[in-house]
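Since the structure comes first, as C-alpha cells, the remarks are kept for the end.
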Amino acid sequence: LACGAWARELLPLASFPIKGQMLRLRPPPGHAQREAGGLQRTLFGDGVYLIPRRDGAVVVGATEEPGAGYDRRATAGGVAQLLDKAVAAAPVLADYTLDEVWAGLRPTTPDRMPLLGRASSALNLHVAAGYHRNGILLSPLCAKLVADGIEGALTEQDAALLAHFEVERFSRVQPSPAAPPAPATSS
C-alpha cells in the first residue's frame, strides 16, 4: 500500500495529511536566464527555501498547514507568506514575476517518520507511507527495503533499519485534528 496522504482512508494507520503550498518565480525581462536571483544552490531561510532552476526561475517552498486536512487549494495567505519570506531571504526576487502556485498534501505520521514494511492487519500487506517532506528523497531506498522484505531477501542490517519504521509502532491510532475525513470523490 503506497497511497500518499490517503493511506488512513484505506487502513487504520497513524497517518494524516499536512498541506504545503509552493510557488515559482520567473526572472524579469532582461535578466540573464541563468541568473536565478544570483542563487547558485538551494537556500534555506527562515521558514522558506529557494531552489534556483537552470532557466533562471526560482521555486519557493513551502508552507506547512497541519489543520488544512485534504484542502489542496493554493491560497492568497499562503502565497503572501511565501513571497514575504522569499523576498526577505533574497531581496532581488521582489522584481520577479509570480509564474505558478500550487498546493499538495504531505502524508505524515505523528513522529514524521515513514511507515514501512509488513502490516499485521491483513495477509500479505506491505506498507510504504507517511514520508512527510521526504518522499522524493527516501522512496528509492524504501522501495528496495519493502521489496526485499516481501521477497524475504532483507539483510540483517536492512531488517534492523526497517524495524525503526514498523507500521504498527503507534499503539493506538488517535484521530488527528489535521485529519478530517477525505472528501467523497465522484466517478
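The figures follow:
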{"quantity": "Accessible surface of the stretch 1-130, 1.4 Å probe, proportion on carbon and sulfur as whole %", "calculated": "52 percent"}
{"quantity": "Extension gain from Ser121 to Thr97, taking 0.36 nm per residue of separation minus the Cα-Cα distance", "calculated": "3.6 nm"}
{"quantity": "Whole-number percent relative contact order across the chain, with pairs defined as alpha carbons under 8 Å at least 6 apart", "calculated": "27 percent"}
{"quantity": "Positive dipole terminus of the chain, leading residue within Gly78, Ala2, Leu115 (C-beta point charges)", "calculated": "Gly78"}
{"quantity": "Acute angle (nearest 10 degrees) that the helix 135-151 long axis makes with the longest principal axis of the chain, alpha-carbon atoms", "calculated": "20 degrees"}
{"quantity": "Rule-of-thumb Rg ratio for the stretch 1-113 [Cα; 2.2 N^0.38 Å; N residues]", "calculated": "1.21"}
{"quantity": "Candidates Gln40, Gln21, Gln157: whichever shows maximal mean-square fluctuation once the chain is modelled as a Gaussian network with Cα springs under 10 Å", "calculated": "Gln157"}
{"quantity": "Estimated vicinal HN-Hα couplings, Hz - the stretch 38-50 in sequence order (Karplus 6.51, -1.76, 1.60; Gly, Pro = x)", "calculated": "x, 7, 9, 8, 4, 10, 9, x, 6, x, 8, 9, 10"}
{"quantity": "Mean accessible surface per residue for the chain, computed with a 1.4 Å probe while every protein chain stays in place, in Å²", "calculated": "58 Å²"}
{"quantity": "Protection proxy ranking, peptides 87-97, 7-17, average beta carbon neighbours within 10 Å, highest first", "calculated": "7-17, 87-97"}
{"quantity": "Amide H contacts under 5 Å for Ile18, placed H, 5+ residues apart", "calculated": "Arg106, Thr108"}
{"quantity": "Most mobile listed residue (Gly69, Gly30, Gly20) in the chain, GNM with C-alpha springs under 10 Å", "calculated": "Gly30"}
{"quantity": "Amide hydrogen neighbours beyond the local backbone of Leu115, cut-off 5 Å, H modeled", "calculated": "Ala129, Gly130"}
{"quantity": "Net dipole in debye of the chain [+1 Lys, Arg Cβ; -1 Asp, Glu Cβ; about Cα centre; nearest 20]", "calculated": "220 debye"}
{"quantity": "Acute angle (nearest 10 degrees) that the helix 76-89 long axis makes with the longest principal axis of the chain, alpha-carbon atoms", "calculated": "70 degrees"}
{"quantity": "Nonlocal amide H pairs with Ala74, under 5 Å, H built at 1.01 Å", "calculated": "Ala103"}
{"quantity": "FRET E, pair Arg73, Leu137, Förster distance 35 Å, beta-carbon r, rounded to 0.05", "calculated": "0.85"}
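The values are calculated or read from the model by the stated rules, or taken from the named source; none is laboratory data. Since the model is a prediction, treat every value here as computed from it, not as a measurement. Using ideal geometry, Cβ is built from the backbone for each residue, glycine included, and neighbour counts are taken over all protein chains shown. Calculation scope for accessible area: heavy atoms of the full protein, side chains included, ligands and nucleic acids excluded. Shrake-Rupley method; radii C 1.70, N 1.55, O 1.52, S 1.80 Å.
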